[in-house]
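Undergrad: Can you keep this structure in mind? I'll have questions shortly.
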Amino acid sequence: MTRTVSVLSAASALPGPTVDNATLGRRLGMDRLWEQWVDAFIGTRTRHLAVDLDSGEIRHTLADLAHQAGSRALDAAGVTPEEVDLVVLGTATPDRLMPTTATVVADRLGIDGVPAYQLQSGCSGAVQALAVTRSLLLGGTARTALVLGGDVVARFYDLTADLRKLPPAEFVNYVLFGDGVGAAVLRVGEVAGAAALRSVFTRLVGLGREPGATLEWFGPTEDRNRPAATEDYKAIERHVPDLAAEVVEELLGELGWARDDLDYVLPPQLSGRMTALIVERLKLPQATEVSCVAETGNNGNGIVFLQLERALARLAGGQRALGVSIESSKWIKSGFALEGL
């Protein structure tokens, strides 16, 4: 049995036009100093939002965006829906608890009669989806899989809130995140021109640690006097760079690759400023950084696939890349390794 899984393609879908910090600030009643603060201390310049800022209407669901990304990934790979043997979706923000967004997207794409799994997680769910898919492809009868990841966080925003009165753990979410979905097509075997997924892992490392991020799901009878989303940005600044460095060391050690062997690195994408700090901590001066967060915002489970889309366009035969994703919710570190074929 072959022990290789190839990534044939990756594609993405982002909702609506770009929203810059000035536009977001005006909508939220913030002044020019706020915009300058976001530019300097967050480092994310634009993002795409599924909500219309003027009306508050949700214009794009997770399923809408996943359908677009999945269709584009299949087209790029030259794979028909009938050839897909497995669908896996990672998300923290499904449209509903049931039916799963994974099954809705499969139906829209014309995929039927195959396993369809949905993983509930934060941004590391994208790597979890890759890990589960790779394991199932190598251990079963499935040959071709569609893997998706993404989030629509804007539907948790309270556009009537006075941001000047919000604590930092709530306020920062309005500028960190953007909505978006990505997808990839994986196939068993080595495919010329594709990228071999040489390794992938995820590991919970949150024993005894307070969550660094929370996202609530309220039922109609629940007490809603707690914030829908929080982010402990200070804890993330302390822990994420070190966790990312641990992932790099583990992948290099497992594969027997040297640091100088790396051509590309796909670092965690919390924000523009945090990504710069993480890249500095990784100490990979020979590797070209593949990042997009400053333009797209943090897309949660979508961001790894957005990076993959950019990396696959550059990765030549024999070149190597490492991807790292750190989830701060209950602290999960994850990573993967690619090699051009």
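Just so you know, all these numbers are worked out from the coordinates, no wet-lab data involved. Since this is a predicted model, take the numbers as computed values, not measurements. Here the Cβ is made from the backbone with ideal geometry for all residues, glycine too, and neighbour counts use every protein chain on show.
Undergrad: Please say if segment 265-314 is rounded, prolate or oblate, where rounded means a/c under 1.5 for a ≥ b ≥ c the square roots of the C-alpha gyration tensor eigenvalues, and otherwise the choice is prolate for a/b larger than b/c and oblate otherwise? Walk me through the numbers on the way to the answer.
TA: On the way: a/c = 2.21, a/b = 1.16, b/c = 1.90.
Since a/c reaches 1.5 but b/c is at least a/b, the shape of segment 265-314 is classed as oblate.
Undergrad: Name the helices (complete DSSP H segments) of the chain with a Cα length along the long axis of 24 Å or more and a Kyte-Doolittle mean of at least 0.5, or state none.
TA: Working: long enough: 233-255 (33 Å, 0.08).
Flagged H segments: there are none.
Undergrad: Given the options M98, M274, M30, state which has the largest fluctuation in a GNM of the chain using a 10 Å cut-off (strictly under) for Cα springs.
TA: Highest fluctuation among the options: M98.
Undergrad: Sticking with this one: So, in the chain, how many Lys pairs have Cα atoms under 23 Å apart, if the pair is 8 or more places apart or on different chains?
TA: Value for the chain: 5.
Undergrad: Taking springs between alpha-carbon atoms closer than 10 angstrom, which of H60, H239, H48 fluctuates most in the Gaussian network model of the chain?
TA: H239
Undergrad: In percent, how large is the relative contact order of segment 83-237, given Cα pairs closer than 8 Å and 6 or more residues apart?
TA: 24
Undergrad: Where is the GNM fluctuation largest for the chain (alpha-carbon springs, 10 angstrom cutoff): V153, V205, V79?
TA: Maximum among the listed residues: V205.
Undergrad: Put a dot 7 Å past each Cα toward the Cβ at L204 and R238; how far apart are the dots in nm?
TA: 2.2
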